[in-house]
Amino acid sequence: MKKTGFMVSASLALLAAAPAHASPVTGTDALREWNLIVLGDLSSSSEVEGRTFVGGDLTGTSSSYQISTPATSTTGQAGLTVVGNVTGGIKNLNNGSGALVGGNVESGFNLNGAAQTVKVGGTISNTNINQNSVQSGLATSDPGFASSLATQGTVLAGSMKQLSTNLSGLAANSDMVISGNRATFNASPDANGLAVFSISAADLDKVGEIAFNLNGADTAIVNVSGSTVSLNDNFLGGTANLGEHVIWNFGDAQSLDLTNSWGGSLLAPWADATTANYIQGSAVFGNLTQNGEMHLGTYTGGYTPPIDPPTGSSSGGTPVPEAPGWPLFLLGIVGVLLGRRLIRKTA
């Protein structure tokens, strides 16, 4: 009886210790969650109003995160998530941002505003804790922490590339008209509120002004072909309210250079990008040198891509790996042992 009781207690203890990390966020859900997603490395001297995800290292001079107040994360994401290391100038975390870092924080954090929770896989330096909760060394004490971040990074990268490929395959139902120096996008949404344009980077090079007429579209996809992209156009009427409904998909882009303020969410998962002005919307890049701000106005449309993952969040992209099964296995052991104990008592 004592042996059985010990095994039950040990199994319950192991079950309680099992990491309960959230499923990765994928597809258009990721565009809703994060203001900026960089699948590789981010070198920044600027700021992000909403949440930021970095799949590699965060470097550069001093930069700031969650300087505004985004909509509450439906999956509990921190204001800043970095799978790798944080180096360079000090990073400013604002408005209760919090941070998840898989590697080391060498630059240090300024934790501004409301109390924040910072979790670090390695070591953290140059940070005043004060009223905040700061945990380090989690890669050793909680291996599931680092592996969960790495999984999110891997799955997110695959999902963003799959999303871009899926969008590139959509048939155009709307037209862009060039007149002089102006390109006018006239959306003709289908019954589901989806408008699709198909243009080239060379088309954008022909003009200096963009006018966008959504005409009631919930989501407008602008597929832009071309491996080298230069974004230097002015938006007539400003950039407001475009990021929530327009996704510029650069499915071929290997390099992207943005010098003017841009309206609409950007999807360029293979691109090495440089920004020198702000983007109002969500943005996804392969690697990024950021010298321009990221503004809120993240994607909020209801479009669901044609491929849904079997687990994890609901919108498109690469299938999410199943959660480890051993906690359920332990639960089964507990059930069997308890059942045997009850049988012995009644015998």
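Per-structure values
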{"item": "Test: residue in the range 240-247 that is buried (at least 16 other Cβ atoms within 10 Å of the Cβ), modelled with pLDDT of 95 or more and outside any loop (DSSP other than H, G, I, E, B)", "result": "yes"}
{"item": "Only listed residue being at pLDDT 95 or above, in a loop (DSSP other than H, G, I, E, B) and not aromatic (Phe, Trp, Tyr), chosen from Ser43, Ser23, Ser68", "result": "Ser68"}
{"item": "Single residue of Ala146, Ala157, Ala201 found to be among the small types (Gly, Ala, Ser) and more than 23 Å from the chain's Cα centre (by Cα)", "result": "Ala201"}
{"item": "Residue list for the range 133-146, filter: closer than 26 Å to Ala71 by Cα and touching a Ser or Thr at 6+ places or on another chain (Cβ under 7 Å)", "result": "Ser133, Val134"}
{"item": "Strands (runs of 3 or more DSSP E) lying entirely in the range 86-193 (those with 2 or more residues that are out of contact with any Pro (no Cβ under 9 Å at 6 or more places or on another chain) and of a type in the set (S, T, N, Q))", "result": "133-135, 182-186"}
{"item": "Residue in the range 106-119 that is of a type outside the set (Val, Ile, Thr), on the phi < 0 side of the Ramachandran plot, surrounded by 18 or more Cβ atoms within 10 Å (Cβ to Cβ) and touching a residue at least 60 places away in the same chain (Cβ under 8 Å) present", "result": "no"}
{"item": "Boolean, Arg51 is within 28 Å of Asn166 (Cβ to Cβ), out of contact with any Gly (no Cβ under 8 Å at 6 or more places or on another chain) and among the charged types (D, E, K, R)", "result": "no"}
{"item": "Enumeration of residues in the range 120-164 that are surrounded by 15 or more Cβ atoms within 10 Å (Cβ to Cβ), among the β-branched types (Val, Ile, Thr) and out of contact with any strand residue (DSSP E or B) (no Cβ under 7 Å at 6 or more places or on another chain)", "result": "Thr151, Thr154, Val155"}
{"item": "Test: residue in the range 96-108 that is within 20 Å of the chain's Cα centre (by Cα) and more than 19 Å from Gly56 (Cα to Cα)", "result": "yes"}
{"item": "Single residue of the range 275-301 satisfying the filter (part of a loop (DSSP other than H, G, I, E, B) and among the hydrophobic types (A, V, I, L, M, F, W, C)) that is nearest to Phe250 (Cα to Cα)", "result": "Ala276"}
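The values are calculated or read from the model by the stated rules, or taken from the named source; none is laboratory data. Values in this document were obtained by computation on a predicted structure and should not be read as measured data. Glycine gets a Cβ as well: all are built from the backbone with ideal geometry, and neighbour counts include every protein chain shown.
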